[in-house]
Amino acid sequence: MIAPTGEFDVISIVPLEAEIETALAEHGSIVLDASGITFGDSMFLRLILTTNHRTDLRIAAPSPAISRLFQIVGADTVLNLYPTVDDALAA
């Protein structure tokens with residue numbers, strides 16, 4: 001499980017990409033606790049959708065801003081979203 005916090009845009013996305021790559025190499029699937037993510041731009045969305053395509057990505061407790069982003073672009077219909085970390089881990 002990874003639990004990034006803050007804003008993710010074209011400049012700040014690199015550490016999150018590295019964290020995801022490490023988790024994929026070590027575990028093969030990822031639970032992303034998105035409760036602490038306050039902003040995501042198109043680069044963040046690209047990273048999430050690409051990761052979802054590559055592996056079993058489960059997104060837990062998305063913050064209101066991230067939930068809204070996913071709804072606006074329709075990503076909420078293709079992503080595995082869970083209300084809590086426990087629900088995502090149990091899935």
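The values are calculated or read from the model by the stated rules, or taken from the named source; none is laboratory data. This one's a predicted model, so the numbers in the text were calculated from it and none came from an experiment. So basically every Cβ, Gly included, is an ideal-geometry build from the backbone, and we count neighbours across all protein chains shown.
Among the residues making up the stretch 3-18, those that are surrounded by 14 or more Cβ atoms within 10 Å (Cβ to Cβ), outside any helix (DSSP H, G or I), touching a residue at least 12 places away in the same chain (Cβ under 8 Å) and not charged (D, E, K, R) are Ala3, Pro4, Phe8. Considered as a group, the residues in the stretch 19-50 that are assigned to a strand (DSSP E or B) and of a type outside the set (Gly, Ala, Ser) include one that is surrounded by the most Cβ atoms within 10 Å (Cβ to Cβ), and that residue is Leu32. The set of residues in the stretch 48-87 that are at pLDDT below 95 and more than 15 Å from Ile20 (Cβ to Cβ) is empty. Exactly one residue out of Ala88, Ala65 is touching a residue at least 40 places away in the same chain (Cβ under 8 Å) and not in a strand (DSSP E or B): that is Ala88.
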